[in-house]
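For reference, the structure is listed below as structure tokens.
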Amino acid sequence: PQEDGTYKIKGQKIFISAGDQDISENIVHLVLARIEGASKGAKGISLFVVPKNKIDLEKGEMAEPRESNDVQSVGIFHKMGQKATPAMHLAFGDNDNCMGYLLGQENRGLPQMFLMMNNARLGVALTGISIASAAYQLSLQYAQERKQGKIGGELVKIIEHADVKRMLLSQKAVVEGGLCLLMRCYKYLDLSEQTKEPKYLELAELLTPVAKTMGAELGF
């Protein structure tokens with residue numbers, strides 16, 4: 001902690017999608033970090049706003065002339081499927097000159113971060129199911145057109161073969177089951193917002209990582 005209410009940040013983050021780019025003048029990072037003296041484990045983690053370039057707090061804008069906030073890109077990871085988004089390895093405070101701003105309360109970083117992460121998880125789940133749906137539609141179309149193999153002495157479309165039917169039904173089950181699970185998550189979020197009953201948010205938080213994993217893995 002610094003006298004002006006800011007915090008000096010030091011450490012590293014890896015696999016940060018879009019963690020660096022030259023499109024915008026500045027980048028704002030949300031960083032989980034432990035304040036010196038905080039308890040061990042998840043309960044001692046706080047959330048900080050850390051800009052790539054320093055901010056003039058009095059003006060509420062980037063400092064001029066532009067000054068680095070000691071956030072450095074030290075590596076890039078090649079994630080399968082990511083073609084336009086760099087997955088970065090970032091270093092904060094290597095020169096002891098990285099300033100961060102506490103977001104919310106001390107030691108409440110993870111609950112705040114998961115508000116954002118759960119929304120992203122559902123987006124990943126929907127993307128996976130969307131890809132699975134496109135694959136199913138193309139597979140179904142092809143199976144209804146392609147003729148190969150005979151049944152009862154006649155050349156038939158491959159959708160007539162039992163094993164092809166099984167595979168198509170498996171695809172359909174992934175798509176429709178995945179969408180049902182996603183809609184259930186969004187329903188619980190809506191009910192939580194409208195009724196303010198904690199059980200709906202708890203159900204949404206329980207099912208969200210399940211929906212994300214199911215959509216991403218089975219969708220692929």
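The values are calculated or read from the model by the stated rules, or taken from the named source; none is laboratory data. Please read these numbers as outputs of a predicted model, since none were measured by experiment. Counting neighbours? That spans all protein chains shown, and the Cβs are built from the backbone with ideal geometry, glycine included. Only protein heavy atoms, including side chains, enter the accessible area calculation; ligands, DNA and RNA are left aside. Shrake-Rupley method; radii C 1.70, N 1.55, O 1.52, S 1.80 Å.
Quick rundown of the values:
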{"read-out": "Difference of contour (0.36 nm per residue) and Cα-Cα distance, ASN53 to LEU191", "value": "45.6 nm"}
{"read-out": "Accessible surface, segment 1-103, averaged per residue in Å² (probe 1.4 Å)", "value": "64"}
{"read-out": "Computed [θ] at 222 nm, helices only, for the chain once each DSSP H run of length n ≥ 4 contributes -39500 (n - 2.57)", "value": "-15500 deg cm²/dmol"}
{"read-out": "More than 11 angstrom apart: percent of Cα pairs within segment 126-167", "value": "66"}
{"read-out": "Spacing of the two label points (7 Å from each Cα toward its C-beta) at ALA87 and MET116, in nm", "value": "1.9"}
{"read-out": "Estimated FRET transfer efficiency (ASN95, THR127; beta-carbon r; R0 45 Å; 0.05)", "value": "0.75"}
{"read-out": "Signed unit charges on C-beta, dipole axis of the chain, positive-most listed residue PRO209, PRO111, PHE220", "value": "PHE220"}
{"read-out": "Magnitude of the charge dipole, the chain, Cβ model with Lys/Arg +1 and Asp/Glu -1, debye to 20", "value": "1240"}
{"read-out": "Computed E for ALA38/GLN137 - FRET, C-beta separation, R0 41 angstrom, nearest 0.05", "value": "0.20"}
{"read-out": "Over segment 26-125, volume per residue of the alpha carbon convex hull, in Å³", "value": "153"}
{"read-out": "Carbon/sulfur fraction of accessible area - the chain, other protein chains in place, 1.4 Å, %", "value": "56"}
{"read-out": "Backbone HN-Hα couplings from phi across segment 69-76 [Karplus 6.51/-1.76/1.60, Hz, Gly and Pro as x]", "value": "9, 6, 10, 10, 8, 10, x, 9"}
{"read-out": "Average Cα contact separation per residue, the chain, under 8 Å, 6 or more apart, as relative contact order %", "value": "20"}
{"read-out": "Using a Förster distance of 45 Å, the FRET efficiency for GLU61-SER170 (Cβ separation, nearest 0.05)", "value": "0.25"}
{"read-out": "Rounded tilt (10° steps) of 109-145 against the dominant C-alpha axis of the chain", "value": "20"}
{"read-out": "Positive-pole candidate from ASN53, ALA125, VAL156, dipole of the chain, charges at beta carbon", "value": "VAL156"}
{"read-out": "Debye equation applied to the C-alpha atoms of the chain, log10 I(q)/I(0) at 0.15, 0.17 Å⁻¹", "value": "-1.09, -1.22"}
{"read-out": "With at most 16 neighbouring Cβ atoms within 10 Å, loop GluC sites (Glu not before Pro) (DSSP) excluded, longest segment of the chain", "value": "107-220"}
{"read-out": "In segment 142-220, trypsin sites (Lys or Arg not before Pro) in a DSSP loop with at most 10 other beta-carbon atoms within 10 Å", "value": "LYS196"}
{"read-out": "Extension gain, GLU217 back to ASP20 (0.36 nm per residue minus Cα-Cα distance, nm)", "value": "68.2 nm"}
{"read-out": "³J(HN,Hα), Karplus 6.51/-1.76/1.60, whole Hz, each residue of segment 172-187, x for Gly, Pro", "value": "4, 5, 5, 5, 6, x, x, 5, 4, 5, 4, 5, 5, 4, 5, 5"}
{"read-out": "19 Å reach of a label modelled at LYS79, 7 Å along Cα-to-Cβ, counting backbone N of segment 27-63", "value": "27-32"}
